[in-house]
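Since the structure comes first, as structure tokens, the remarks are kept for the end.
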Amino acid sequence: MSFEEKTISSKSIYEGKVVHLSLDTVLLPDGSTSFREVVHHRGGAAVLYVRDGKILLVRQFRYAYHKEIYEIVAGKIDPGEDPIVSATRELEEETGYRTTLTHLLDIYPTPGYTDEVIYIYLAEGGEQVSQKLDKGEFLSYAFYPIEDVLSMIRSGQITDSKTICAVYTYLRMKGNKAAGL
């Protein structure tokens, strides 16, 4: 049995700078119809930067949660932009680091209601140039020992999904026993 839902119609509800919301009527596998609210997002790119056994984290206020959170470098992909170009740009803008990136993994952060994909890259080494924050962007960054990052995840101090996925994927890839993998 196929679980595919086929779009019958789609109505634009909201067109914003960052997201677009549509209300879709869909045909379900059993022949009945239903509605799906879909948040369309052009995607994001993120960078797990590891240097000397430490992970670079940024700390910034996230309005939707009304608190400061720790996360890896990330940003929105510009229209038509390759995700690796976005990731490279964001790393330099937010931290002033410039380096070569390699693809680590892609995630669907909330597949229940959005089509957003976050492309995550790994950075190791490189050089520091100068930080170039966007207007209205306020954050700090620091390198944290991997053990501290794992402790922050376990304690709930780090709750950002892309960061958790990136850290554990990296540790699994490296065969790191500290992660309990």
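Structure above, values below:
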{"read-out": "Cα-based reach from K132 at 19 Å (exclusive), listing lysines while leaving out same-chain residues under 8 positions away", "value": "K76"}
{"read-out": "Sparse-neighbourhood loop sites, chymotrypsin sites (Phe, Trp or Tyr not before Pro) in segment 61-143 - DSSP loop, at most 12 other Cβ within 10 angstrom", "value": "Y63, Y65, Y113, F138"}
{"read-out": "Stretch in the chain that is longest and holds no GluC sites (Glu not before Pro) that DSSP places in a loop and that have at most 15 other beta carbons within 10 Å", "value": "6-80"}
{"read-out": "Spatial separation of Cα centroids for segment 35-105 and segment 112-181, in angstrom", "value": "9 Å"}
{"read-out": "Residue-span extension gain [R59 to K174] - 0.36 nm each, minus C-alpha spacing", "value": "38.9 nm"}
{"read-out": "Residue-span extension gain [R36 to K76] - 0.36 nm each, minus C-alpha spacing", "value": "12.0 nm"}
{"read-out": "For segment 81-181: span of alpha carbons on each principal axis (Å, largest first)", "value": "38, 35, 26"}
{"read-out": "³J(HN,Hα) computed for each position of segment 101-118 - Karplus, 6.51 cos²θ - 1.76 cosθ + 1.60, integer Hz, glycine/proline x", "value": "10, 10, 5, 9, 5, 10, 10, 9, x, 8, x, x, 8, 9, 9, 4, 10, 10"}
{"read-out": "Descending Cα extents along the principal axes, the chain, whole Å", "value": "56, 40, 31"}
{"read-out": "Dipole magnitude (debye, nearest 20) for segment 14-106, charges at Cβ of Lys, Arg, Asp, Glu", "value": "320 debye"}
{"read-out": "On Cα atoms only, tilt of 161-174 relative to the major axis of the chain in degrees", "value": "60 degrees"}
{"read-out": "Of all accessible heavy-atom area on segment 62-174, the percent that carbon and sulfur account for (1.4 Å)", "value": "51 percent"}
{"read-out": "Tilt relative to the chain, helix 146-155 - C-alpha long axis, 0 to 90 degrees, to 10", "value": "40 degrees"}
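The values are calculated or read from the model by the stated rules, or taken from the named source; none is laboratory data. Given the structure is predicted, the values throughout are model-derived calculations rather than measurements. We place every Cβ from the backbone using ideal geometry, glycine too, and count neighbours over all the protein chains shown. Side chains included, ligands, DNA and RNA excluded: accessible areas come from the protein's heavy atoms. Shrake-Rupley method; radii C 1.70, N 1.55, O 1.52, S 1.80 Å.
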